[in-house]
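What follows is a single structure, written as structure tokens, with notes after it.
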Amino acid sequence: MALAAAMTVQANELNDTTVIRKADMVTITTSDTVQKIDVVGKEGDAGYRYEKKVPLNAYKMRRQRKSEEKYVGWSPNFDLGIGVNTPLGVSDGYGFATFRSWDLFFGLAMGYTPEKKLQTYTVGLWLNWKSYGLSTDRMLAKDGNHEIWLAEYPTGSKDRGSRINTFSLQVPFLFTQKLGHKSKCKLTFGPVVNFNVYGRLNSHYTINDNEYDISTKGIKYNIVTVDLLGAFHYKGVALYCKYSPMSVIKKDKGPKFQTLTFGVWF
């Protein structure tokens, strides 16, 4: 009997097969690299103990686990961008300075990336402030017909500056292309719809150490404008460019111009 049992065990080991009848307890532990099987007790032998470790393909196991997880393609993002505006095609007599003209936006966006794809589709809601600062020796003013014009600063004034400020709610519709599954670089482009909600003129100057700040409301601006945005991302930072083909000020109510913007987007 002992010889027969020995021969049976040898045959089972050669075939990598072990038959255990009526085991008291079986424990199987699986990781990415190994599967461990523990058997305690069997029919007629309460003290029986069997243990075996089976190597696994770690790559295949990780792929299997990922495939078993439910894929969620939506991801929220907080966006913050700051840049400089360069007005183009400005009406005669107006001169705007690039580094006195600023663009600031921030808000939330939701992006959807289809499973195993490199493309992301994004929609969001941003708050935006645009500023257009004059480079000339005259200041912005508004007449009774709500038309913007250029006025002279008071005699003897210094430390002077004058700008148009606008505030808007923005809705971006963006497409992002990742440049490879392992790449840290992405390209983004798409339209940004501006719902302009507020606009004013701000001028300041100093006379005999007295500071004067003038804020003029009621300027006539276009309620809806559209920007075209493009960006190059590396990791969590992007360089963006926006072109605004539509003038923010209504026709015949002030200077007409388009805007080209360059900035950093986090």
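The values are calculated or read from the model by the stated rules, or taken from the named source; none is laboratory data. It should be emphasised that the depicted structure is a prediction, and the values quoted were computed from it without experimental measurement. Here the Cβ positions follow ideal geometry from the backbone for every residue, glycine too, while neighbour counts run over all protein chains shown. For accessibility, only protein heavy atoms count, side chains too; no ligands or nucleic acids. Shrake-Rupley method; radii C 1.70, N 1.55, O 1.52, S 1.80 Å.
Does Phe96 fit the bill of being at pLDDT 95 or above and not hydroxyl-bearing (Ser, Thr, Tyr)? No.
Looking only at region 165-203, residues that are within 24 Å of Met246 (Cα to Cα) and either among the charged types (D, E, K, R) or in contact with a helix residue (DSSP H, G or I) (Cβ under 6 Å, 6 or more places away or on another chain) (or both) come to 1 in all.
Looking only at residues in region 114-141 that are of a type in the set (A, V, I, L, M, F, W, C) and surrounded by fewer than 18 Cβ atoms within 10 Å (Cβ to Cβ), the one that is farthest from Phe266 (Cα to Cα) is Ala141. Can you find a residue that is open to solvent by 40 Å² or more (accessible area, probe 1.4 Å), more than 29 Å from the chain's Cα centre (by Cα) and modelled with pLDDT under 95 anywhere in region 227-250? Taking every residue of region 227-250 in turn, at least one turns out to be open to solvent by 40 Å² or more (accessible area, probe 1.4 Å), more than 29 Å from the chain's Cα centre (by Cα) and modelled with pLDDT under 95.
Residue pairs whose Cβ atoms lie under 6 Å apart, sitting 6 or more positions apart in sequence or on different chains, and linking a residue in region 85-105 that is within 26 Å of Phe266 (Cβ to Cβ) to a partner that is open to solvent by 60 Å² or more (accessible area, probe 1.4 Å), are Ala97/Ser135; Leu104/Ile82; Leu104/Trp129.
Applying the criterion of being surrounded by 18 or more Cβ atoms within 10 Å (Cβ to Cβ) and closer than 25 Å to Arg163 by Cα to the residues of region 95-113, the residue that is farthest from the chain's Cα centre (by Cα) is Phe96. Taken over region 66-94, the criterion of being open to solvent by less than 80 Å² (accessible area, probe 1.4 Å) and β-branched (Val, Ile, Thr) is satisfied by Val84, Thr86, Val90. Number of residues in region 45-74 that are at pLDDT below 80 and under 14 Å from Gln35 (Cβ atoms): the value is 9.
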